[in-house]
1. Which of rounded, prolate, oblate describes the stretch B:278-328, given a ≥ b ≥ c as roots of the alpha-carbon gyration tensor eigenvalues and a/c under 1.5 marking rounded, otherwise prolate only if a/b is larger than b/c?
2. Please find the FRET efficiency linking B:Asn333 to B:Arg97, where r is the Cβ-Cβ separation and R0 is fixed at 30 Å, and quote it to the nearest 0.05.
3. Tell me the relative contact order for chain A as a rounded percent, counting alpha carbon contacts under 8 Å between residues six or more apart.
4. Would you please classify the overall shape of the stretch B:358-457 from the alpha carbon gyration tensor, given that a ≥ b ≥ c denote the square roots of the eigenvalues, rounded means a/c under 1.5, and beyond that prolate means a/b larger than b/c while oblate covers the rest?
5. Take the Cα atoms of the stretch A:3-146, build their convex hull, and give its volume per residue in Å³.
6. Where the only charges are on Cβ atoms (+1 Lys, Arg; -1 Asp, Glu), what is the dipole of chain B about its Cα centre, to the nearest 20 debye?
7. With θ taken as phi - 60° and the coefficients 6.51, -1.76 and 1.60, list the Karplus ³J(HN,Hα) couplings across the stretch A:61-71 in order, rounded to whole Hz; mark glycine and proline as x.
8. Only helical DSSP H runs with n ≥ 4 go in: add -39500 (n - 2.57) per run for chain B, normalise by residue count and round the 222 nm mean residue ellipticity to 500 deg cm²/dmol.
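The values are calculated or read from the model by the stated rules, or taken from the named source; none is laboratory data. As the structure is a prediction and not an experimental result, all values here were calculated from the model. Note: ideal-geometry Cβ built from the backbone for every residue, glycine included; neighbour counts use all protein chains shown. Remember, those area values only see protein heavy atoms, side chains included, never the ligands or the DNA or RNA. Shrake-Rupley method; radii C 1.70, N 1.55, O 1.52, S 1.80 Å.
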Amino acid sequence: MEARALVETTSQSSLEPFQPLDPRAIKLWRVAEQIAVAVFMLPSLIGVLISSYWQPKAAVLMIAGWGFLTSLWLWHSLWQPPRRYQAWGYRIDDRVLETRSGRIFQTTRLLPLNRLQHVDLQQGPLERMYGLARLELHTAGTQNASLTIPGLAHEEAVRLRDYLVALGDTDAN
Amino acid sequence: MQTEKPFSAQPTAPLLEGRLHPLTLVLGLITSLRSLIIPAIPILLFGNKFRWGGIGLFGLLLIGTAVTLLIRYFSFSYRIQGRELVTREGLIERKERHIPLDQIHEIRIEQNLLQRVFDVVEAVIETAGAEGAEAKLSVLSRTEAERLREAVAARSAAKKAASSEFPARPETNEREVIRKLGIRDLVVHGLTSNHLLSALAILGAIWAFADDVLPNSIYERMGKFLKVTAGEMFRQGLRAALLALAVGLAGVMIVGLIVSVIGSVVKFFNYTLTRQGDELHRSYGLLTRRASSLPRHRIQVLKVEEGMIRRWFGLATLRADISGSQKEDSDDNKGRDVLLPIAWRDELDALLAVFFPKLAGDGSEWKKVSPLAIRRGAKAGIIILGIITIVVIATTKSWWGLGLGLLAPLVYWLNVKSYHIFGYSLGSQYFRTRQGLLGRAMHIVPIEKSQVIVVRQSPFDRRLNLATLSVDTAGQSYTGGSPSISNLPLDEALQVARTLAGEASRAGTNF
């Protein structure tokens, strides 16, 4: 009814610390990126070798270029995931889920839990290998309609999902 | 007019039951004939060999259409039963669709010229979920459509009265006119539209038409004429040429103004926005009459748009989104994108109070963004100015381009001005953002309608510890993206976001 001062409604001190993702996420992201490196760079190596055969003069340059790109990408696949992991965090209370992510573009997303339409728990083959899963939280929104938390331990993802779904049930009553 | 409230209905007795109007058949056939007539002409006139084949083909097509229409007419029925609108269609494969009445967000009623002759309408029912229309009833008699609309509105009002947000009012059944646009308003609307574009469009259309119709010899003659006059003009000197150019441009402008005035009048003729309880109703159109009704508690975002030209005259446009509104390309032509095409600035407060009754007492003040925004904007502007200067100097090869540097103080001044305009306000019920300098826009989001709230920091933001806050809502087709505000200090942005999310999580969900 009356105007409420900002400071009163958010008591900063009561905020829980951010939860990290499962550390296995680092491995998962590394392997996923390395697979991408293999998928793109191996066929291009064949291309490089064939064209080196036709253009022997440029062969050294081409192979060196290929090697440089590949090692740069491989280095990135090792270097980036721990940082991405560092940047990721989420916290949840009985009202709001807050996530933060991104290093270059740092993004904080807040989802009022009663806006949740449905929750998807997803597990790709790689994620299964590492016992991980990701949660996709869908709202009725438009541009930021869904929010994904990757790299959760599977049990943790299941627990979170059940918690969120249970919250939704009590809401309906 | 109003029958008993469907709220308390036993699901056994249908409240309203109906079929399509028998004219469905006739009008459907006329429409398909009309679409066939143009391809038919050349075949009938010139196709000696294929004439009979062609006629046969068209006959088959027509018979096919007629059969489909017959099946549709005899198999389609609808009823309101309990809390649902039920449509049933199909002969071999029966399809029954149940649409809960409180899921219906908007009912649109359209009546083109042909349908007006027979006093029948096309009714389109929209819900949040479906892409596009949930159900299309084409065609119904006008009274039937009106009954349907009222049944849905009564249900919605009953629902609303049960919840606390808008207390039930005694005058629920009275229709209150919020705003009626007269010819003068529409002429002003047309004059302040982006008329240059419409002028170019009309010229393009004339050109395309001329291209189809006129024989080539006229082209040649016109080309010769142009060549001769242009040559003469150059002989007379630059002044005459410039004069001709100016006259030509003025001509295009005037044509554009006339076209857009006519367009506005035809599209929005007799625009009437009324309110009956919680239901907003608008009707308009000179040739094709359009009407739509939407419950005001379903408004997700409201935008007060003051375009550059309109602002000079103290005018604004109101746009609103309800959940799941999907923009179609033709919507602008149908005027569906605006809640009120034109409003004078001094009546805005009264209008907003109709859409958001609690806005006036929301008791929030406007907060500015960080003053760092001035420095940042000025820096960006001056860099752009510098690049333009370099390009100008390089192309003209004269140092006069440096004169552009005199604009730098103007760039700075503009950024100071916009600093005083950009801002947000967070009340107990509504979140508002305001932006723009020459053309301005204000977005109003009821906090209970906010979805995910995002605070984002680009690398540039990080250097100044600023951030952009945006609020996602369930409908953003006509109001242009999430309401957002940049250049907030990070801490403030996070605090506002957390407050918003907390408040939103306390409000009940309804779209």
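1. Details: a/c = 2.02, a/b = 1.30, b/c = 1.55.
Here the stretch B:278-328 falls in the oblate category.
2. Working: r = 29 Å, r/R0 = 0.96.
The formula returns an efficiency of 0.55 here.
3. On the way: 199 pairs, mean separation 34.7, N = 173.
Result for chain A is 20 percent.
4. On the way: a/c = 3.70, a/b = 3.00, b/c = 1.23.
Judged from the Cα gyration tensor, the stretch B:358-457 comes out prolate (a/c at least 1.5, a/b above b/c).
5. On the way: hull volume 24.5 nm³, N = 144.
Per residue, the Cα convex hull of the stretch A:3-146 comes to 170 Å³.
6. Numbers: 63 positive and 47 negative charges, 211 e Å.
Roughly 1020 debye, rounded to the nearest 20.
7. Whole-Hz 3J(HN,Hα) from phi for the stretch A:61-71: 4, 5, 5, 5, x, 4, x, 5, 4, 4, 6.
8. Working: 15 runs with 235 residues, N = 511.
Helix-only estimate at 222 nm: -15000 deg cm²/dmol.
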